[in-house]
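Below is one structure, written out as structure tokens, with a few remarks after it.
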Amino acid sequence: MKRFFLSLTTFLALWIFSFVGFSVQAASGYTYPPHLNGDPNYTLAYGHMGVGTYVDTKAVKVLDQSNKGVVFAVRTVSGLVLDRNNDWVVPAKDTKEFIQVFIRVYDDPWNIAYLYDYSKSNYKAVDLSSPYGYMQSAIGGFSIGWHTMTGTYYPNLRHY
């Protein structure tokens, strides 16, 4: 009887968790592929309106490091990864590559990093705690790049 009760309890727990998981996915409407074209070296940094931005974790490079901070580059690839029905598009369409170059000055607050602005040929401050969508690709690139370089998650950041 005890074994039957444990089996029934386990079955009910699994059923409830699977239902809750399905409901959350259904409520969000769609899920972006975690890796570009199924390649685990390309990790999702941000997705919006069917376009996913992925960090090439094999191409994260430390450009300079001192006791004051670190400069590193992250290669990203963006492309159409969800169709109108929110089905995954493999291979991704209309892909574009871009290099993000970050500076993290250790004496600055935890949420401040600097991103190279190619249009102005200088670095601009990035608030890593920003909730705005237009910042999420940069924040995701920084977060994944940091994790790839150090093997640790950057403090107080959402982990991708």
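For this structure, a couple of remarks:
- Of the residues in region 115-124, none is among the acidic types (Asp, Glu), modelled with pLDDT of 95 or more and open to solvent by 50 Å² or more (accessible area, probe 1.4 Å).
- Within region 140-160, considering residues that are in contact with a strand residue (DSSP E or B) (Cβ under 7 Å, 6 or more places away or on another chain) and of a type in the set (A, V, I, L, M), the one nearest to ALA45 (Cα to Cα): ILE144
- Number of positions in region 52-83 that are part of a strand (DSSP E or B) and closer than 17 Å to ILE144 by Cβ: 19
The rows are residues; the columns are (1) of a type in the set (D, E, K, R); (2) at negative phi; (3) in contact with a strand residue (DSSP E or B) (Cβ under 9 Å, 6 or more places away or on another chain).
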site	(1), (2), (3)
GLY38	no, no, yes
VAL62	no, yes, yes
SER78	no, yes, yes
VAL81	no, yes, yes
ASP87	yes, yes, no
LYS96	yes, yes, yes
VAL101	no, yes, yes
TYR106	no, yes, yes
LYS120	yes, yes, no
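- If you filter region 63-85 down to residues that are of a type in the set (A, V, I, L, M) and open to solvent by less than 60 Å² (accessible area, probe 1.4 Å), you find that the one that is farthest from ASP39 (Cα to Cα) is VAL70.
- Failed criterion for PHE102 (all others in (1) assigned to a strand (DSSP E or B); (2) open to solvent by 60 Å² or more (accessible area, probe 1.4 Å); (3) in contact (Cβ under 8 Å) with a residue 40 or more places away in the chain; (4) not charged (D, E, K, R) hold): (2)
- Residues in region 130-149 that are modelled with pLDDT under 95 and hydroxyl-bearing (Ser, Thr, Tyr) were compared, and the one that is most open to solvent (accessible area, probe 1.4 Å) is TYR134.
- Any hit, region 37-48, residues being open to solvent by 80 Å² or more (accessible area, probe 1.4 Å), under 15 Å from the mean Cα position of the chain (by Cα) and in contact (Cβ under 8 Å) with a residue 24 or more places away in the chain: yes
- Residues within region 105-138 that are assigned to a loop (DSSP other than H, G, I, E, B) and of a type in the set (D, E, K, R), tallied: 3
The values are calculated or read from the model by the stated rules, or taken from the named source; none is laboratory data. All of these numbers come straight from a predicted model, not from anything done at the bench. Positions of Cβ are generated from backbone atoms using ideal geometry, with glycine treated the same way; all protein chains shown enter the neighbour counts. Keep in mind that these areas ignore ligands, DNA and RNA; they rest on the heavy atoms of the full protein, side chains included. Shrake-Rupley method; radii C 1.70, N 1.55, O 1.52, S 1.80 Å.
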